[in-house]
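Take a look at the structure below.
The values are calculated or read from the model by the stated rules, or taken from the named source; none is laboratory data. Everything quoted here is computed from the prediction, not taken from an experiment. Cβ placement follows ideal geometry from the backbone for every residue including glycine, while neighbour counts extend to all protein chains displayed.
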Amino acid sequence: MSMRRATRPRFITRAGGAASASKHEDNANTMGRMAGESMAGASIDYDYLPMFYSDLFELGYEAVGDTDPRWRRWADWEEPITRASSIIWRDDRVRGVLLWNVWEQVTRRGS
């Protein structure tokens, strides 16, 4: 097994129904907390759908779910090239949401 694969924990998402991997801060914090609780004896299912985000100066995004560019998407550009909400779907099910310059709409667990 390559080191790259060994460092990418995978989990099944309820929303997507497929194996997923997330290397973002939100997933690392939640997975680490839940692993600690499990080691302390709690019986926990990892049913969390991590969010991810990125910022570059005044531009940025927040997203949740599967945002694979191969899937169908619909976008509502509130301001051309500046602000949008995008829904990604496959097999007639919503698989992800991407918000471009729409801030603090994806709620983190425990927030």
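Values as computed for the structure displayed
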item: Any hit, the range 52-61, residues being at pLDDT 85 or above, assigned to a loop (DSSP other than H, G, I, E, B) and touching a strand residue (DSSP E or B) at 6+ places or on another chain (Cβ under 7 Å); result: no
item: Those residues of the range 33-49 which are aliphatic (A, V, I, L, M) and modelled with pLDDT under 85, in sequence order; result: 34, 35, 44, 49
item: Some residue of the range 1-12 being of a type in the set (Phe, Trp, Tyr), outside any loop (DSSP other than H, G, I, E, B) and modelled with pLDDT of 75 or more; result: no
item: Top-ranked residue in the range 62-111 [being assigned to a loop (DSSP other than H, G, I, E, B) and of a type in the set (Val, Ile, Thr); ranked as farthest from residue 34 (Cα to Cα)]; result: 81
item: Filter result (of a type in the set (Lys, Arg) and farther than 16 Å from residue 54 by Cα) within the range 81-103; result: 90, 93, 95
item: Residues of the range 90-111 classified as surrounded by fewer than 17 Cβ atoms within 10 Å (Cβ to Cβ) and at pLDDT below 85, total; result: 8
